[in-house]
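The values are calculated or read from the model by the stated rules, or taken from the named source; none is laboratory data. The shown structure was predicted, so the numbers you read here are calculated from the model rather than taken from an experiment. All Cβ positions, even for glycine, are placed from backbone atoms using ideal geometry, and neighbour counts span all protein chains on display.
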Amino acid sequence: MAVRRDTDGEFTPVWERPEPPSRPAPSPLSRDRIVEAAIRLADADGLDAVSLRKVAAALDAGPMRLYGYLSTKTELLDLMADAVYGEIAPPAPDGDWRAALRSLAHGLREAALRHEWFADLLGGRPPLGPCALAYLEATLAALDGAPGFDDVDAVTQAAHTVNAYVIGAVRSEIAESRTERATGLDERRWQAANGPYLDRLLATGRYPALAKMVGGGPHPDAETAFATGLDQVLAGITAR
């Protein structure tokens, strides 16, 4: 969590620190404007393109002015990630926990596809921004009190399992997309380039399960594969 030590020695999260008083031109600032500018930079060129100096330049402001709104790049990344969590619509309150978790999972995937850098910030310590906490609250609320989820451990484990699948699947999909752009080879062209090599290996008989999958297994598009895997996770939770 992004925090700053105050003069009394206490840590105050960036979410709870007041912004400096607004001031007029030439370039009025706010945390929202700073975050929006940082997101534009990251959307265009990834997280490596984001720095306090570059964000300040995009806003036609001096870098030192930004320090009134946040202290470090880590705080900026926290704010950016929370803004993306804010794009995820809450699920319908219909009491169907599976539908709710599907809605949240697909919402997170779609947000990450709009902002690929967001996937780099998923995992690790739980985010504590208000929008991220709202996402977590919606996940837990969908499970809390549902049939079969009679204690906190069951709710927590189910939420963790779904979250682990979603983050892993999203990060893998985006990594594949980045590789395609970096190499200029989409999946079809990559398979064509590597097909002869793989055929020679499979012909040795050392990889029978892999040969069966390559030869006759389904090869769905990314969205279908994500949805199918999510359904399998939810089915496993249901069975348990």
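Inspect region 136-159 for any residue being closer than 26 Å to residue 40 by Cα, surrounded by 15 or more Cβ atoms within 10 Å (Cβ to Cβ) and of a type in the set (A, V, I, L, M, F, W, C) and give the result as yes or no. For region 136-159, residues closer than 26 Å to residue 40 by Cα, surrounded by 15 or more Cβ atoms within 10 Å (Cβ to Cβ) and of a type in the set (A, V, I, L, M, F, W, C): present.
Determine, yes or no, whether residue 69 is of a type in the set (Ser, Thr, Tyr), closer than 27 Å to residue 18 by Cβ, in contact with a Phe, Trp or Tyr (Cβ under 6 Å, 6 or more places away or on another chain) and touching a residue at least 40 places away in the same chain (Cβ under 8 Å). If you could, list the steps in order and put the result at the bottom.
Values: of a type in the set (Ser, Thr, Tyr): yes; closer than 27 Å to residue 18 by Cβ: yes; in contact with a Phe, Trp or Tyr (Cβ under 6 Å, 6 or more places away or on another chain): no; touching a residue at least 40 places away in the same chain (Cβ under 8 Å): yes.
It is false that residue 69 is of a type in the set (Ser, Thr, Tyr), closer than 27 Å to residue 18 by Cβ, in contact with a Phe, Trp or Tyr (Cβ under 6 Å, 6 or more places away or on another chain) and touching a residue at least 40 places away in the same chain (Cβ under 8 Å).
The residue list 206, 189, 171, 200 contains one member that is surrounded by 11 or more Cβ atoms within 10 Å (Cβ to Cβ), in the same structural domain as residue 98 (by TED's automatic domain parsing), farther than 20 Å from residue 230 by Cβ and of a type in the set (D, E, K, R), which is 189. Counted as qualifying within region 131-221 are no helices (runs of 4 or more DSSP H), as none has 1 or more residues that are modelled with pLDDT of 95 or more and in contact with a strand residue (DSSP E or B) (Cβ under 6 Å, 6 or more places away or on another chain). Filtering region 72-101 to residues that are surrounded by fewer than 18 Cβ atoms within 10 Å (Cβ to Cβ) and over 15 Å from the mean Cα position of the chain (by Cα) leaves 72, 73, 74, 90, 92, 93, 94, 95, 96, 98, 99. Determine, yes or no, whether residue 110 is without any contact (Cβ under 8 Å) to a residue 40 or more places away in the chain and either in a helix (DSSP H, G or I) or at positive phi (or both). Considered against the rule, which asks whether it is without any contact (Cβ under 8 Å) to a residue 40 or more places away in the chain and either in a helix (DSSP H, G or I) or at positive phi (or both), residue 110 comes out as yes. When every residue of region 168-184 is checked against the conditions, at least one turns out to be over 15 Å from the mean Cα position of the chain (by Cα) and more than 30 Å from residue 37 (Cβ to Cβ). Just name the residue that is modelled with the lowest pLDDT out of those in region 3-54 that are closer than 23 Å to residue 114 by Cβ and outside any helix (DSSP H, G or I). So, considering only residues that are closer than 23 Å to residue 114 by Cβ and outside any helix (DSSP H, G or I), the one modelled with the lowest pLDDT is 30.
Residue check: is residue 226 part of a helix (DSSP H, G or I), assigned by TED's automatic domain parsing to the domain that holds residue 109 and touching a residue at least 12 places away in the same chain (Cβ under 8 Å)? Spell out the reasoning first.
Numbers: part of a helix (DSSP H, G or I): yes; assigned by TED's automatic domain parsing to the domain that holds residue 109: yes; touching a residue at least 12 places away in the same chain (Cβ under 8 Å): yes.
It is true that residue 226 is part of a helix (DSSP H, G or I), assigned by TED's automatic domain parsing to the domain that holds residue 109 and touching a residue at least 12 places away in the same chain (Cβ under 8 Å).
Checking each residue of region 112-120 against the condition of being surrounded by 18 or more Cβ atoms within 10 Å (Cβ to Cβ) and over 14 Å from residue 77 (Cα atoms) gives at least one match.
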